[in-house]
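Structure record follows, encoded as structure tokens.
The values are calculated or read from the model by the stated rules, or taken from the named source; none is laboratory data. Everything quoted here is computed from the prediction, not taken from an experiment. With ideal geometry, Cβ positions are generated from the backbone for all residues, glycine too; neighbour counts draw on all protein chains shown. SASA here: full protein model, heavy atoms, side chains in, ligands and nucleic acids out. Shrake-Rupley method; radii C 1.70, N 1.55, O 1.52, S 1.80 Å.
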Amino acid sequence: MSHTIPSLWAATARPPLTLPPPEGDMRADVAIIGAGYTGLAAALSLCRGGASVIVLDTQAPGFGASGRNGGQVIPGIKIDPDEIDTVFGEATTEFVGKTAETTFALIEAEGIDCEASRDGWVQGSVKRAHLGLLERRVRQWQTRGADVDLLTRDEVRAHTGTAIFEGGWLDRRAGRLHPLNYATGLAQAALAQGADIRVGAAATLLAREGQGWRVSLANGASVLAGQVIVATNGYSGALFPKLRASLVPAGSFQVATAPLPDALLQQILPGRCVVSDTRRVGNYFRIGPENRLMMGGRGTFSDTPADAAYARLIGNLHRIFPETRGLPITYRWTGRVAMTADHLPHVHQPLPGLTMAAGYNGRGVALSSALGTAIGGHLLDGAQPLPFRFTDIRPLPVHALHPVYATLAIWYYRLCDALET
Ligand SMILES: Cc1cc2nc3c(=O)[nH]c(=O)nc-3n(C[C@H](O)[C@H](O)[C@H](O)COP(=O)(O)OP(=O)(O)OC[C@H]3O[C@@H](n4cnc5c(N)ncnc54)[C@H](O)[C@@H]3O)c2cc1C
């Protein structure tokens, strides 16, 4: 998969941290593989609880989805509250309803400088057929006390600056941030609490040793730890093949325009909410750093042709905001979203002392922050419940063919989207 760097985030981020590589035989209470939000939030909560932690990544914190995403901090998961109650229980619904709040509170408590702002999320629908679904979604969240409202066609237009939506809803719990600065800030906060973050060598082997685990690294170093958290998500590789086979790493593509002139800034997203739509393969957009309009969307699951994915995205941008047609597209980049077959996040503990969380299905900024924190708390004190029960890892059939069948799935979803009114 190609990762066009620098992204808008990399170009506008604080300098990356200088972190040492893993060396020799290291020891910690907990080894965490993956320095994205899941791993870093877990590290922070474990260190705050007095555990010694080593975080391992092949690259700098935020190299994965955490440094490339749309920076939309949205609570909830892909299913609605009544269904979450049924599938997981009411405590999970309460947890996922508060993930944005938890994330913003964490940022404030740690003083992380990442342009965090709670201006809300509008989910718009270009399909009249989806309006009933949105009404139910809003009613279910309102029943649970969430600060959300249904929006008319005109109200969505006033919030977004585009007339493409038939209706929508506003979730005031949500907001936005600079994802790479957030990842770097989380890493700094974890370091300040005593975490040891090591970069530059992949974890290649996990082996049981005594009551704990030995993590072997590509440069010959190793870590012996009582507990291991695998937080590699959409970037999961050969380290734990079964986990990788349970996920489809879908390409999500983004572009950013040149800075918007003042007149357009007053017209497009005037309240600076973040936006996505209800289609199965829809778009998401926001104003980013330097007042650039950013738009993202799912490409085919295979890598190629990336140019076709960008062309489609730019076509959508110009269809949604025709007034931006003359503006150059200055940045384009991509990253991997970890999809699951049931569209739900998965938390696994396949063996004692080995915990994994993955599969946020493109709704992971707030969820990974809150879930990583919860996993840290749970490992410190088994009595602290996790918001999601452990499930078996279920490899997808013929996973090696995922670029093929998942591309077919995208075409199928696009067809379904097109057929709906
Ligand atoms: C383009 C894009 C846009 C998105 N937009 C949004 C959005 O606007 N809102 C939202 O809520 N969600 C969004 N998401 C999803 C969100 O970014 C992710 O769910 C979240 O960042 C996942 O964090 P994570 O820590 O679990 O995984 P990641 O951030 O992907 O971290 C995994 C890390 O594991 C490391 N790793 C992998 N294997 C090894 C190994 N063997 N040894 C050492 N290190 C290893 C990788 O280098 C990587 O740093 C988006 C995702 C993408 C890609």
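A compact table of results
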item	result
Residue list for the stretch 257-292, restricted to those being assigned to a strand (DSSP E or B) and either of a type in the set (Asp, Glu) or out of contact with any Phe, Trp or Tyr (no Cβ under 9 Å at 6 or more places or on another chain) (or both)	ALA258, PRO259, ASP277, ASN283, TYR284, ARG286, ILE287
Residue list for the stretch 353-371, filter: in contact with a strand residue (DSSP E or B) (Cβ under 7 Å, 6 or more places away or on another chain) and within 9 Å of the ligand (Cβ to nearest atom)	ALA357, ALA358, GLY359, TYR360, ASN361, GLY362, VAL365, ALA366, LEU371
Exclusive hit being at pLDDT 95 or above and under 26 Å from ASN361 (Cβ atoms), set GLY49, GLY34, GLY24	GLY34
Scan of the stretch 369-385 for residues that are part of a helix (DSSP H, G or I) and open to solvent by 40 Å² or more (accessible area, probe 1.4 Å), ordered by number	THR373, LEU380
Condition met for PRO16 (within 12 Å of the ligand (Cβ to nearest atom) and not in a helix (DSSP H, G or I))	no
Residue match in the stretch 89-108 (condition: over 18 Å from the mean Cα position of the chain (by Cα), under 16 Å from SER369 (Cβ atoms) and not polar (S, T, N, Q))	yes
Some residue of the stretch 401-414 being open to solvent by 50 Å² or more (accessible area, probe 1.4 Å), over 30 Å from LEU133 (Cβ atoms) and at pLDDT 95 or above	no
Pairs with Cβ under 8 Å, 6+ apart, first in the stretch 254-267 and under 26 Å from GLY67 (Cβ atoms), second assigned to a helix (DSSP H, G or I) and β-branched (Val, Ile, Thr)	VAL255/ILE314; THR257/THR324; LEU260/THR324
Of all residues making up the stretch 234-243, the number that are touching a residue at least 60 places away in the same chain (Cβ under 8 Å), open to solvent by 30 Å² or more (accessible area, probe 1.4 Å) and either near the ligand (Cβ under 9 Å from one of its atoms) or farther than 14 Å from PRO350 by Cα (or both)	3
Index of the failed condition, GLN123 passing every other in (1) at pLDDT 95 or above; (2) not in a strand (DSSP E or B)	(2)
Restricting the stretch 51-82 to residues that are among the charged types (D, E, K, R) and within 14 Å of the chain's Cα centre (by Cα), the residue that is nearest to the ligand (Cβ to nearest atom)	ARG68
Single match in TYR310, TYR331 (criterion: more than 17 Å from the chain's Cα centre (by Cα), within 14 Å of the ligand (Cβ to nearest atom), assigned to a helix (DSSP H, G or I) and crowded, with 18+ Cβ neighbours inside 10 Å)	TYR310
Given (1) away from the ligand (no atom under 11 Å from the Cβ); (2) in contact with a Phe, Trp or Tyr (Cβ under 6 Å, 6 or more places away or on another chain), number of the condition PRO350 does not satisfy	(2)
Criterion (away from the ligand (no atom under 13 Å from the Cβ) and out of contact with any Lys or Arg (no Cβ under 8 Å at 6 or more places or on another chain)) met by exactly one of ALA225, ALA263, ALA258	ALA263
Every residue from the stretch 334-347 that is open to solvent by 70 Å² or more (accessible area, probe 1.4 Å) and either under 24 Å from GLY288 (Cβ atoms) or among the small types (Gly, Ala, Ser) (or both)	ALA341
Selection count, the stretch 19-50, where residues are open to solvent by less than 20 Å² (accessible area, probe 1.4 Å) and either among the charged types (D, E, K, R) or part of a loop (DSSP other than H, G, I, E, B) (or both)	4
Unique match (being free of Cβ contacts under 8 Å to residues at least 60 places away in the same chain and farther than 21 Å from GLY97 by Cα) among ARG198, ARG172, ARG157	ARG157
Selection from the stretch 246-256 of residues that are hydroxyl-bearing (Ser, Thr, Tyr) and either open to solvent by less than 10 Å² (accessible area, probe 1.4 Å) or in a helix (DSSP H, G or I) (or both)	SER246
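Residues are listed down the side, and each one gets a yes or a no for (1) of a type in the set (S, T, N, Q); (2) touching a strand residue (DSSP E or B) at 6+ places or on another chain (Cβ under 7 Å); (3) open to solvent by 20 Å² or more (accessible area, probe 1.4 Å); (4) within 16 Å of the ligand (Cβ to nearest atom):
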site	(1), (2), (3), (4)
ASP85	no, no, yes, no
LYS98	no, no, yes, yes
ALA105	no, no, yes, no
CYS114	no, no, no, yes
VAL122	no, yes, no, yes
